[in-house]
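Let me begin by presenting the structure, written as structure tokens, before commenting on it.
The numbers here are math on the coordinates, done by the rules we state, and not lab data. What you see is a predicted model; the values in this text were computed from it and never measured. No Cβ is skipped: glycine too gets one built from the backbone with ideal geometry, and neighbour counts run over all protein chains shown.
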Amino acid sequence: MSDPLDVVGHAPDPLHGLAYVSTPTEPFSDRDLSDLLLAARRWNAAHGVTGKLVVLEDGDQIVRFAQWIEGPRNALEACIRRIVADPRHDAIDVRRRGPVEARRFPDWDMAIQPASGATFARAADDLSSGGD
Ligand SMILES: Cc1cc2nc3c(=O)[nH]c(=O)nc-3n(C[C@H](O)[C@H](O)[C@H](O)COP(=O)(O)O)c2cc1C
């Protein structure tokens, strides 16, 4: 997916990204995750946002989220507002925010990675640091 360029070659709505971690406010199941992904992917696909959601599993519950989202700045800001407004999580800790050179997950409306233990911490750190 390419971002539109204006006639002098500037990206009028440059590519930005955001990484955060957050905590579910209530017990969060795989079923809840499917519902969330359905809504998130539908909106992201319609607005040119891509990314990855890592979920920390503890037994049959999801107890922590880490997410990277990327897209044209205006779309990304709208996506961030949706995410912040979602009462199903709180303690949103933004780890990284700003312009990016290129998408890290161009083929994913929202990739999903279930993780446990230290794998989650590594994956969250990777979302917060890598890519460009
Ligand atoms: C951990 C988490 C990740 C989310 N990721 C996205 C996302 O990538 N894109 C999006 O549009 N909304 C995202 N949301 C927000 C919700 O999916 C969305 O606001 C909610 O399902 C309402 O959707 P609706 O307005 O289509 O009903 C996320 C919410 C949470 C808790």
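Table for the structure above
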| item | result |
| --- | --- |
| Of all residues making up the stretch 89-129, the number that are farther than 24 Å from His47 by Cβ and in a loop (DSSP other than H, G, I, E, B) | 2 |
| Residue in the stretch 66-86 that is part of a strand (DSSP E or B), of a type outside the set (A, V, I, L, M, F, W, C), in contact with a Pro (Cβ under 8 Å, 6 or more places away or on another chain) and near the ligand (Cβ under 10 Å from one of its atoms) present | no |
| Checklist (1) under 24 Å from Pro14 (Cβ atoms); (2) free of Cβ contacts under 8 Å to residues at least 60 places away in the same chain; (3) aliphatic (A, V, I, L, M); (4) assigned to a strand (DSSP E or B) applied to Val63, failing item | (1) |
| Hits in the stretch 13-63 (condition: more than 10 Å from the ligand (Cβ to nearest atom), farther than 24 Å from Pro106 by Cβ and surrounded by fewer than 20 Cβ atoms within 10 Å (Cβ to Cβ)) | Glu26, Pro27, Ser29, Asp30, Arg31, Glu57, Asp58, Gly59, Asp60, Gln61, Val63 |
